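Notes for the one structure printed next.
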Amino acid sequence: MLFSELLLEWFSVHGRQLPWRNCGNPYHIWVSEVILQQTRVSQGMDYFLRFVEQFPTVEALAAAPLDAVMKSWQGLGYYTRARNLHKAAQLIVNDYGGELPNSYKELLKLPGLGPYAAGAVASFAFHEPVPAIDGNVYRVLARVFGVFDSPGTGAGKKAFYTLCSEVMDHENPHLFNQAIIDFGALQCTPGRPDCAPCPMRGLCYAEANGLQTSLPTKERELKVRPRYFHFIMARWRGDTFIELRQGKDIWHSLYQFPLIETKERVEPEDFTQSEEFQELVGIDCTVTHISEEKRQLLSHQELFIRFYIVELHTLPYALLQDYQRVPIDGVDGYQVPITIANYLAAEEAGEYFRCSSGKMED
Ligand code: SF4
């Protein structure tokens, strides 16, 4: 049997039933693919269902304020996806009469749709025979066909694309693409491929040569940059201060407390004596709480985050001039990074802080 035949047979028994699959709604397929770009199916499912309930059509999404879209995305991370989705919806309404473009080539022109997502939407929604190659597909193809090119290089990507185009079922590209993704996610998994009962055993290069853990060839490790964030929750007569993040950096267009970033880890006791800290909040204040350091790993950055609560006795000019003054209990009405949202929730539950002296609070 051919690779694609074995794959489709496996898929008919083991394929995942997902609400956006074979639903015949290109808009739902598109939204699901954007959500799943950096999110697991189990985590993305609820977000998908809520998102299409809140924005049931491309028109509804295009007409919604960006704030509402960002709010519904809160917790999913990688907020550029939400901004691009909104921008693309407006483009579809204005330039395509509200219908999603029905070809891979046109889909690639939409903001936020790369080759994988464009291939997925084109094949799932419009049955165009184009590959949709994600990490699962690279793994399956590399192992079954013994491809040693690294998917992390341009030449490698090209080789995998060509191979996938050749071996795919051109009559059922939507089923083939879904099947190979599921096969990689469920059977030919990264750490422990389930080779014993695998229908590909007879053709699989990696299985025959004991190379399951060596394929696909690893790309060079990306360097992860550590960053040290100190958020200051300065309190003044029931209010605090926030700002909108600008510029090309993480959390663009989200709100945050005044942030001081240091080049290296600075102990809280030294940080609160630093020039930068005192320039921001002045010296007429009391640091009442300092959080434990929280670690958050992003794709190329490792964040180390602390929160400081500072009771102000006079109002410093730096805060007044550069930040927005809002009631403390009104902060949760603003779109903030998930780290800050978690902090606000935990603080409310009394779970987050230890005393600035280092003694644990009751
Ligand atoms: S035999 Fe093992 S390595 Fe080969 S495709 Fe099946 S699960 Fe993957």
Can you give the Rg to Rh ratio of the stretch 206-263, both from alpha-carbon atoms, with Rh computed by the Kirkwood formula? 1.38
Over the stretch 3-209, what is the mean sequence separation of C-alpha contacts under 8 Å (at least six apart), divided by residue count, expressed as relative contact order in percent? 23
How charged is the neighbourhood of residue 325? Take every other residue with its Cβ under 13 Å from the Cβ of residue 325, and add Lys/Arg as +1 and Asp/Glu as -1. -1
Explain nothing, just the number: dipole magnitude of the chain about its Cα centre with +1 on each Lys and Arg Cβ and -1 on each Asp and Glu Cβ, in debye rounded to the nearest 20. 880
So how long is each side of the stretch 163-237 along the principal axes, counting just the alpha-carbon atoms, biggest first, in Å? 71, 32, 24
Anything over 21 Å Cα to Cα? Flag those among 87/248; 157/218; 263/294; 71/294; 71/105; 218/263, in the order listed. 71/294; 71/105; 218/263
Neighbour net charge for residue 96 - beta-carbon separation under 11 angstrom, K R +1, D E -1: -2
Roughly speaking, what is the stretch gain from residue 74 to residue 311, that is 0.36 nm per residue apart minus the C-alpha to C-alpha distance, in nm to one decimal? 82.4 nm
Relative contact order [Cα under 8 Å, 6+ residues apart], the chain, whole percent: 15
For a protection proxy built on the mean count of beta-carbon atoms within 10 angstrom, sort 259-269, 102-112 highest first, please. 102-112, 259-269
Largest-first semi-axes in Å of the equivalent ellipsoid built from the Cα gyration tensor of the stretch 225-355 are 21, 17, 16
Rounded to one decimal in Å, the inverse mean reciprocal Cα-Cα distance for the stretch 1-108, i.e. its Kirkwood radius, is 15.1
Taking the chain as the reference, fit the longest principal axis to its C-alpha atoms, fit the long axis of helix 154-167 to the helix C-alpha atoms, and give the angle between the two in degrees, 0 to 90, nearest 10. 40
Whole-Hz Karplus ³J(HN,Hα) for the stretch 127-132, in order, using 6.51 cos²θ - 1.76 cosθ + 1.60 and θ = phi - 60°, x for Gly and Pro? 6, 7, x, 10, x, 10
On a C-alpha basis, how far is the centre of the stretch 172-249 from the centre of the stretch 294-309 in Å? Whole number, if you could? 20
Which values of log₁₀ I(q)/I(0), to two decimal places, follow from the Debye formula for the chain at q = 0.08, 0.09 Å⁻¹ with a uniform point scatterer at every Cα? -0.53, -0.65
The farthest towards the positive end of the charge dipole of the stretch 3-209, of the residues 163, 174, 32, given +1 on Cβ of Lys and Arg and -1 on Cβ of Asp and Glu, is 32
Summing -39500 (n - 2.57) over every DSSP H run of at least 4 in the chain, dividing by its residue total and rounding to the nearest 500, the 222 nm mean residue ellipticity is -12500 deg cm²/dmol
Please give the length that would be gained between residue 267 and residue 235 if that part of the chain were fully extended, namely 0.36 nm times their separation in residues minus their C-alpha to C-alpha distance (nm, one decimal). 9.3 nm
Dipole-positive endmost among 224, 301, 187 within the chain (Cβ charges, Cα centre): 187
Could you give the angle, 0 to 90 degrees to the nearest 10, between helix 41-54's Cα long axis and the longest principal axis of the Cα atoms of the chain? 80
With all distinct Cα pairs included, what does the Kirkwood hydrodynamic radius of the stretch 3-209 come out to in Å, to one decimal, could you say? 17.8
Contour minus end-to-end for residue 192 and residue 106, with contour as 0.36 nm per residue of separation and end-to-end as the Cα-Cα distance? 27.2 nm
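Coordinate-derived values only; no laboratory data. From a predicted model like this one, the values you see are computed outputs, not experimental measurements. Here the Cβ is made from the backbone with ideal geometry for all residues, glycine too, and neighbour counts use every protein chain on show.
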